Amino acid sequence: MKMGSLKDEAALYLKNFTLKVNNEVKLENISLDVKRGQVALIYGPRGSGKSLLLRAFLHLNEEIFEVVQGEGEICFFGKSVLDIERKLLRKEIAYVDTSFLNAISFFSLHEFMRLLKGDHFVIEDLSDEELDLLKVLEIDDLLIGDPNVPLGVFQPFQRLALLIYSTLVRNPRVIILDSVLDHLDDEVCTRVKNLLIDSKGDRTILLSSRYVFRFLDVADLLIYLKSGKILYAGSTEEFVKGSHSSF
Ligand SMILES: Nc1ncnc2c1ncn2[C@@H]1O[C@H](COP(=O)(O)OP(=O)(O)OP(=O)(O)O)[C@@H](O)[C@H]1O
């Protein structure tokens, strides 16, 4: 293999990446590559650094913490994310975390759709594919009600389904769902997983969760994170077979 080819082939690539937040090391020496089209599960207990790691691809930690310092490499399709304009990164990588569920509560469906599709959007503009997507996600009935009601009146899983819809219609190259699927019941979670896989194409998907077994069926790659360090990165089969599953 040629030097550097691993980096060029990976959708997301980290090499000896260390992240300090407010001068404390929070992610340590992370090396990882997620290939185009792979589904990667980032698994780890509360506070293990899953969100910090996922947000690093979009410079989102800088918006949350006062001092953020990174060392090592962190790349998107072979290019350092530091050299990619934030706006472009956020177009190519759709990131959803649980805080979005509350954040969108104050918007009406009408406002939410206009943010997504432009100021002149009306419900009649939705394509058949988009209507089908809303149907699969079981939120098509939201279209029947008053579009000016705040989304906060709906169930959290309906808001989550709406967020999933909004990421899929943007057709990003990478989707990152940071712990959000943990908040769904088994049946809805299975439906969302199937939808993500069925509509995936060569899109890369990163899921983070505190519950490993819930996502083993869809993950090509499993990354086990604890206290900011990778303890395992590899196939789900090896993880289950090996002693790693006792982590
Ligand atoms: N808002 C915050 N203020 C201060 N420190 C924080 C904050 N959020 C995270 N941290 C620090 O970063 C570490 C990693 O947190 P992170 O949120 O990435 O973990 P996580 O694995 O995503 O956890 P969870 O499963 O609870 O979402 C935490 O242990 C904590 O020390």
Within segment 212-247, the count of residues that are within 16 Å of the ligand (Cβ to nearest atom), without any contact (Cβ under 8 Å) to a residue 40 or more places away in the chain and closer than 29 Å to Gly70 by Cβ comes to 3
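Between Leu195, Leu181, which is part of a helix (DSSP H, G or I), open to solvent by less than 10 Å² (accessible area, probe 1.4 Å) and in contact with a helix residue (DSSP H, G or I) (Cβ under 6 Å, 6 or more places away or on another chain)?
One residue alone meets the criteria, Leu181.
From the residues in segment 71-83 that are among the aliphatic types (A, V, I, L, M) and open to solvent by less than 20 Å² (accessible area, probe 1.4 Å), which one is farthest from the ligand (Cβ to nearest atom)?
Residues of segment 71-83 among the aliphatic types (A, V, I, L, M): 74, 81-82.
Those still in the list that are open to solvent by less than 20 Å² (accessible area, probe 1.4 Å) too: 74, 81.
Details: Ile74: 15, Val81: 17 Å.
For segment 71-83, the residue satisfying everything is Val81.
Can we say Phe100 is of a type outside the set (A, V, I, L, M) and either surrounded by fewer than 17 Cβ atoms within 10 Å (Cβ to Cβ) or without any contact (Cβ under 8 Å) to a residue 60 or more places away in the chain (or both)?
Numbers: of a type outside the set (A, V, I, L, M): yes; either surrounded by fewer than 17 Cβ atoms within 10 Å (Cβ to Cβ) or without any contact (Cβ under 8 Å) to a residue 60 or more places away in the chain (or both): no.
When the stated conditions are applied, Phe100 does not pass them.
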When Val188 is evaluated against the numbered criteria (1) in contact with a Phe, Trp or Tyr (Cβ under 6 Å, 6 or more places away or on another chain); (2) modelled with pLDDT of 90 or more, which criterion, by number, is the only one it fails?
(2)
Filter segment 19-45 down to residues that are of a type in the set (D, E, K, R) and touching a residue at least 60 places away in the same chain (Cβ under 8 Å) and give me whichever is nearest to the ligand (Cβ to nearest atom).
Lys26
Hey, among Lys91, Lys87, which residue is open to solvent by 70 Å² or more (accessible area, probe 1.4 Å), closer than 18 Å to Ile176 by Cβ and touching a residue at least 12 places away in the same chain (Cβ under 8 Å)?
Lys91
I'm trying to understand the selection: among the residues of segment 110-121, which are among the hydrophobic types (A, V, I, L, M, F, W, C) and open to solvent by 60 Å² or more (accessible area, probe 1.4 Å)?
Leu115
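Is it fair to say Ala11 is away from the ligand (no atom under 16 Å from the Cβ), under 19 Å from the mean Cα position of the chain (by Cα) and not charged (D, E, K, R)? So that I can check it myself, show each step before the final result.
Values: away from the ligand (no atom under 16 Å from the Cβ): yes; under 19 Å from the mean Cα position of the chain (by Cα): yes; not charged (D, E, K, R): yes.
The answer is yes for Ala11.
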Conditions (1) over 22 Å from Gly234 (Cβ atoms); (2) within 14 Å of the ligand (Cβ to nearest atom); (3) open to solvent by less than 80 Å² (accessible area, probe 1.4 Å); number of the one not met by Phe107:
(2)
So which pairs qualify, if the first residue must be in segment 171-200 and under 28 Å from Phe77 (Cα atoms) and small (Gly, Ala, Ser), the second must be within 12 Å of the ligand (Cβ to nearest atom) and open to solvent by 10 Å² or more (accessible area, probe 1.4 Å), the Cβ gap must be under 6 Å, and the two must be at least 6 apart or on different chains?
Ser179/Thr98
Run Val68 past the list (1) under 16 Å from the mean Cα position of the chain (by Cα); (2) surrounded by 15 or more Cβ atoms within 10 Å (Cβ to Cβ); (3) within 15 Å of the ligand (Cβ to nearest atom) and report the number of the one that doesn't hold.
(1)
Regarding segment 46-58, can at least one residue be identified that is within 16 Å of the ligand (Cβ to nearest atom), of a type in the set (Phe, Trp, Tyr) and under 20 Å from Leu207 (Cα atoms)?
yes
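The values are calculated or read from the model by the stated rules, or taken from the named source; none is laboratory data. This is a predicted model, so every value here is computed, not measured. So basically every Cβ, Gly included, is an ideal-geometry build from the backbone, and we count neighbours across all protein chains shown. Protein only, heavy atoms only, side chains kept; ligands, DNA and RNA dropped before computing areas. Shrake-Rupley method; radii C 1.70, N 1.55, O 1.52, S 1.80 Å.
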